[in-house]
Ligand code: PMP
């Protein structure tokens, strides 16, 4: 029977989301001791699921957590969660499809929580288009907060752990200055790093640059843009990039699984490219190639969800 409540997979069962309850002594609640990954759908297809699952198992390995589910099974469960919920999607909507794993509850003496082992969830939820349509229309304003990204020597940003507080504090700092701005952090060396949910690219002398993987999450959409750029014959390099590079970039854009590729119009109030330009030539051709590869005009899809219904 079809219900209007989404279902998620939780420790071996498909359940209505309202019945997926994590015990309060779960270590992910008490200490952020877990990791996750998330991809999205495009018109009924899941984007680079195998790559996302590979990244998830690398995060797990780094944290020394065994989820008790094989990568192949996690892939199959992710597909099934989407299949079981796709009838709930509205027109021109897509899902985030994600997996979350915590190390489990901390046992305590005489406790009545009988589950000890990792808590594993596979779930999906609609991408918030309406709130983000403006980013594609007007481009984003980037602000660099004073908070620096956690260095790899403390907790590697390459693992997608539940420790987002560093990115959240940075975003809060930026929101207090400009609620619509997008935070991009520097790493401890003062090089451009990443944002809460996005990687960054610069165009300089017609070439594409992005921060080195050692300091950032290896974004799957970042990889996609690097593949497309290489195919288009555009040079793409991972490099140490600082604010001087950003202020002199011809174009700047961010990538994320849900946003795909979204252009920036300013960084710290410094205009990017010519006055009035939202989409530069390189971002335009990469977005077009991206849309063709995923068979979804994602820019159009976001704009369709504008407050005024896309009029
Ligand atoms: N960096 C961080 C910290 C992120 O959370 C994300 C979103 N997953 C990204 C970068 C972009 O990665 P992806 O392209 O895989 O969504």
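The table below gives the values:
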| read-out | value |
| --- | --- |
| In region 274-311, the residues that are in a loop (DSSP other than H, G, I, E, B) and free of Cβ contacts under 8 Å to residues at least 24 places away in the same chain | 274, 275, 276, 277, 297, 308, 309, 310, 311 |
| Residue within region 76-85 that is crowded, with 21+ Cβ neighbours inside 10 Å, within 14 Å of the chain's Cα centre (by Cα) and within 16 Å of the ligand (Cβ to nearest atom) present | no |
| One residue from 158, 222, 134 being closer than 29 Å to residue 120 by Cβ and in a helix (DSSP H, G or I) | 222 |
| Residue that is farthest from residue 274 (Cα to Cα) [pool: residues in region 240-262 that are in contact (Cβ under 8 Å) with a residue 24 or more places away in the chain and surrounded by fewer than 15 Cβ atoms within 10 Å (Cβ to Cβ)] | 240 |
| Residue selected from region 8-60 under the condition touching a helix residue (DSSP H, G or I) at 6+ places or on another chain (Cβ under 7 Å) and over 30 Å from residue 224 (Cα atoms), by the criterion farthest from the ligand (Cβ to nearest atom) | 14 |
| Scope region 181-206; condition more than 16 Å from the ligand (Cβ to nearest atom), at pLDDT 95 or above and either within 13 Å of the chain's Cα centre (by Cα) or under 19 Å from residue 271 (Cα atoms) (or both); matching residues | 181, 203, 204 |
| Scan of region 151-190 for residues that are out of contact with any strand residue (DSSP E or B) (no Cβ under 8 Å at 6 or more places or on another chain) and surrounded by 21 or more Cβ atoms within 10 Å (Cβ to Cβ), ordered by number | 157 |
| Test for residue 219: is it under 17 Å from residue 187 (Cα atoms) and buried (at least 16 other Cβ atoms within 10 Å of the Cβ) | yes |
| Among (1) at pLDDT 95 or above; (2) farther than 16 Å from residue 160 by Cα, the one test that residue 62 misses | (2) |
| Test result for residue 249, more than 16 Å from the ligand (Cβ to nearest atom), in contact with a strand residue (DSSP E or B) (Cβ under 9 Å, 6 or more places away or on another chain) and either assigned to a helix (DSSP H, G or I) or within 19 Å of residue 142 (Cα to Cα) (or both) | yes |
| Test for residue 128: is it at pLDDT 95 or above and either within 18 Å of the chain's Cα centre (by Cα) or over 30 Å from residue 18 (Cβ atoms) (or both) | no |
| Check on residue 194, touching a strand residue (DSSP E or B) at 6+ places or on another chain (Cβ under 9 Å), surrounded by fewer than 21 Cβ atoms within 10 Å (Cβ to Cβ) and not assigned by TED's automatic domain parsing to the domain that holds residue 62 | no |
| Residue list for region 225-246, restricted to those being over 20 Å from residue 48 (Cβ atoms) and not in a loop (DSSP other than H, G, I, E, B) | 237, 239, 243, 244, 245, 246 |
| Some residue of region 70-80 being assigned by TED's automatic domain parsing to the domain that holds residue 17 and in a loop (DSSP other than H, G, I, E, B) | yes |
| Lone unmet requirement of (1) surrounded by fewer than 21 Cβ atoms within 10 Å (Cβ to Cβ); (2) within 12 Å of the ligand (Cβ to nearest atom) for residue 295 | (2) |
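The values are calculated or read from the model by the stated rules, or taken from the named source; none is laboratory data. Nothing here was measured: the structure is a model prediction, and the numbers come from that model. Methodologically, a virtual Cβ is constructed for each residue, glycine included, from the backbone with ideal geometry; neighbour enumeration extends over all protein chains shown.
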